[in-house]
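S.K.: Would you mind keeping the following structure in view while I ask a few things?
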């Protein structure tokens with residue numbers, strides 16, 4: 001059987017995307033050049049919106065115990081998340097290896113193949129698909145698919161093979177990272193700034209285990225990671241802190257720099273990019289990983305709908321249209337934060353001013369929205385409702401007709417659209433539910449009353465003023481329509497995001513069977 005999609009790269013983004021496509025009925029295969037997971041954890045956690053993205057698929061609990069961060073910071077300037085009505089805290093101290101392990105185990109349960117030790121060397125687009133050239137344990141070979149997605153990192157082979165250019169920001173400084181055992185160091189979780197524009201970071205990971213980062217302005221920005229030795233890291237740490245770590249054991253080491261790149265196109269024909277292949281940036285508060293997981297959630301349902309032949313023609317193009325601006329903002333924000341974070345004493349006046357600003361709720365909320373990802377909004381049509389184009393808070397609850405309470409996140413586990421209706425005095429919710437029946441093969445129609453008000457971050461259960469009588473939520477969790485509050489007609493919005501209506505009640509049609517149609521295309 002021809003593969004619907006080949007994903008190149010079995011990091012968190014590629015694994016997440018594979019699961020999304022499988023939920024949409026796509027036959028998908030993941031290739032990765034490493035014979036086994038590296039076990040390295042260059043990111044230690046992810047932001048609030050990435051956590052919500054996993055929660056929407058029922059995956060967050062699979063990570064086991066982890067910590068939420070009660071304090072926020074932008075470039076080392078702290079602000080109190082507790083002053084905000086909505087929780088913006090991110091996940092802290094969770095190894096990337098653990099996230100990958102959870103996502104890989106999920107794919108194994110779903111029967112999605114992850115072929116390791118297979119290196120993609122070329123991608124050739126043809127009229128009806130793509131041909132991926134590989135070399136692996138069975139020797140060289142070619143594999144066909146309808147589409148290929150490059151999740152293969154900042155030096156993406158897929159991006160280069162497709163001829164997609166990237167805007168480059170050249171490296172100006174290097175940094176070392178290592179995970180150590182057999183040592184206990186003073187925690188410096190968001191970094192300790194040292195004279196001359198240097199910094200060291202130490203994140204405890206358990207008894208006798210920690211992750212350190214060395215930002216030494218004297219380090220070469222172009223060191224080959226393969227040549228890095230632990231004595232180099234230990235010497236740099238001692239030079240900056242006066243502490244010897246030479247007796248520790250390095251479980252893994254990494255040298256990198258502050259280079260950045262942004263692909264000019266996230267899609268060219270049958271080739272798409274996600275994660276670091278689309279937006280490469282220096283390691284900073286797991287921003288890139290967080291954005292990559294959201295890339296996967298945005299792309300997966302759209303590509304699956306396109307392959308199933310049930311999507312409007314423009315749908316796949318909205319992936320670039322929505323996520324490329326987010327990538328631009330990501331690079332800009334990371335550069336601004338890095339200047340504050342790693343700048344020398346000349347930046348102290350700016351740090352002081354920003355510190356005064358974030359004591360005010362509005363300024364703290366703006367920065368918290370950047371760091372947490374909750375500030376992301378898409379242009380999903382005209383209207384004045386505060387939820388329109390924003391993510392639907394997944395923690396909000398409905399009380400169903402049988403009295404059970406259901407979180408919004410639970411309604412999104414199947415990666416389908418959801419129309420939530422409540423019955424108002426004018427019958428708006430019931431009318432919306434009746435109209436949406438012609439799309440019931442692609443969306444779930446759920447009736448209930450709001451246990452909490454989704455338009456109010458403070459969650460007062462007794463306020464119904466701004467709560468919508470009906471709300472259409474895309475599979476990625478973003479609100480495409482509300483009533484009241486959206487100027488567009490529901491029929492137009494359903495057609496825009498989910499394609500032409502089906503004819504319900506006809507034998508053999510998806511609406512008659514009540515099941516989503518899956519495709520191996």
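The values are calculated or read from the model by the stated rules, or taken from the named source; none is laboratory data. Everything numeric in this text was worked out from a predicted model, so none of it was measured. Note that we place each Cβ from the backbone using ideal geometry, even for glycine, and neighbour counts take in every protein chain shown.
Let's see how each residue does on (1) over 14 Å from the mean Cα position of the chain (by Cα); (2) surrounded by fewer than 22 Cβ atoms within 10 Å (Cβ to Cβ):
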{"position": "248", "(1), (2)": "yes, no"}
{"position": "252", "(1), (2)": "yes, yes"}
{"position": "256", "(1), (2)": "yes, yes"}
{"position": "262", "(1), (2)": "yes, yes"}
{"position": "270", "(1), (2)": "yes, yes"}
{"position": "293", "(1), (2)": "no, no"}
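S.K.: Out of (1) on the phi > 0 side of the Ramachandran plot; (2) at pLDDT below 95; (3) within 16 Å of the chain's Cα centre (by Cα), the odd one out for residue 93 is which?
M.R.: For residue 93, the exception is condition (3).
S.K.: Kindly indicate whether residue 481 is within 20 Å of residue 306 (Cβ to Cβ) and modelled with pLDDT of 95 or more. Step through it out loud before you land on a result.
M.R.: Details: within 20 Å of residue 306 (Cβ to Cβ): no; modelled with pLDDT of 95 or more: yes.
Judged against the criteria, residue 481 is not a match.
S.K.: OK, next. What's the number of the only condition in (1) in contact with a strand residue (DSSP E or B) (Cβ under 9 Å, 6 or more places away or on another chain); (2) closer than 25 Å to residue 340 by Cα that residue 229 fails to meet?
M.R.: Going through (1) in contact with a strand residue (DSSP E or B) (Cβ under 9 Å, 6 or more places away or on another chain); (2) closer than 25 Å to residue 340 by Cα one by one, residue 229 breaks only (2).
S.K.: What strands (runs of 3 or more DSSP E), lying completely within the stretch 1-85, carry at least 2 residues that are at pLDDT 95 or above?
M.R.: Details: elements: 3-8, 28-32, 44-46, 71-74, 77-80.
Once the strands (runs of 3 or more DSSP E) in the stretch 1-85 are filtered for at least 2 residues that are at pLDDT 95 or above, what remains is 3-8, 28-32.
S.K.: Then there's this: It is to be established whether one or more residues within the stretch 429-447 are modelled with pLDDT under 95, under 30 Å from residue 76 (Cα atoms) and in the same structural domain as residue 494 (by TED's automatic domain parsing).
M.R.: No, every residue in the stretch 429-447 fails to be modelled with pLDDT under 95, under 30 Å from residue 76 (Cα atoms) and in the same structural domain as residue 494 (by TED's automatic domain parsing).
S.K.: May I pose another question? Quick one: how many residues across the stretch 217-243 are surrounded by fewer than 13 Cβ atoms within 10 Å (Cβ to Cβ) and without any contact (Cβ under 8 Å) to a residue 40 or more places away in the chain?
M.R.: Residues of the stretch 217-243 that are surrounded by fewer than 13 Cβ atoms within 10 Å (Cβ to Cβ), as a first pass: 218, 220, 222, 224-227, 229, 231, 239, 242.
Of the ones still in play, those that are also without any contact (Cβ under 8 Å) to a residue 40 or more places away in the chain are 218, 224-227, 229, 231, 239, 242.
Final tally of qualifying residues: 9.
S.K.: Does residue 44 meet the test of being surrounded by fewer than 24 Cβ atoms within 10 Å (Cβ to Cβ) and under 28 Å from residue 212 (Cβ atoms)? Show your work before the answer.
M.R.: Values: surrounded by fewer than 24 Cβ atoms within 10 Å (Cβ to Cβ): yes; under 28 Å from residue 212 (Cβ atoms): yes.
Yes; evaluated as a whole, the condition is true for this residue.
S.K.: Against the conditions (1) surrounded by 15 or more Cβ atoms within 10 Å (Cβ to Cβ); (2) at pLDDT 95 or above; (3) closer than 26 Å to residue 195 by Cβ, where does residue 374 fall short? Just the number, please.
M.R.: In the conditions (1) surrounded by 15 or more Cβ atoms within 10 Å (Cβ to Cβ); (2) at pLDDT 95 or above; (3) closer than 26 Å to residue 195 by Cβ, residue 374 misses (3) alone.
S.K.: Okay, moving on. Evaluate the stretch 110-129: report whether one residue or more is surrounded by fewer than 20 Cβ atoms within 10 Å (Cβ to Cβ), touching a strand residue (DSSP E or B) at 6+ places or on another chain (Cβ under 7 Å), part of a helix (DSSP H, G or I) and free of Cβ contacts under 8 Å to residues at least 40 places away in the same chain.
M.R.: no
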